[in-house]
């Protein structure tokens, strides 16, 4: 039996629910803030650790680097660095070899310098590079057709079908010529030609810039 006037259960204060909601909100915000800070620290650490490692690798082959301020705003300091004897364009550095070698040997020489034979992605990139070349020579590209079946492949696995294709008119024209070079012909100017991989030619190496 319940006596009249006696409370049947303990009632919570009217302010309990808002306090609980605000407590949950504050805890959630604090947790998200902590996650954001941890994420930023981790990203900073990974980015600069990778940069330091890349710089260390470059110094193994190159005694000095040349860096350019590539920030898009006055207050933004972004430095892109290339080995001092290399040419800078876009996000890459380029080295023009003056020594003739087979295609495979040329690629090995590039790899020893932390690079690979050049991969041409745009006509603007090619226009820049040919300004550094000697019209009396041809230069190996990082492009080959290992099976001689027209399945041309870039050395860095960039899809050939998605890149520019700047062959001389009528080229490629011989399945046994399984490597590509860039060469100056009159009247066409600079463009690509398929050549024998075991012929000796100059070459162009490419590496990604290091950003500081």
- Message: Looking at 179, 197, 205 in this structure, which one is closer than 30 Å to residue 66 by Cα, at pLDDT 95 or above and in contact with a strand residue (DSSP E or B) (Cβ under 6 Å, 6 or more places away or on another chain)?
- Response: 205
- Note on the structure: In the set 115, 180, the lone residue that is surrounded by 12 or more Cβ atoms within 10 Å (Cβ to Cβ) and more than 21 Å from residue 88 (Cα to Cα) is 180
- Task: Please note which strands (runs of 3 or more DSSP E) are completely contained in the range 72-169 and include at least 3 residues that are under 19 Å from the mean Cα position of the chain (by Cα) and under 18 Å from residue 192 (Cβ atoms).
- Result: 139-144
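The values are calculated or read from the model by the stated rules, or taken from the named source; none is laboratory data. Nothing here was measured: the structure is a model prediction, and the numbers come from that model. When we count neighbours, we look across all protein chains shown, and the Cβ atoms used for this are built from the backbone with ideal geometry, even at glycine.
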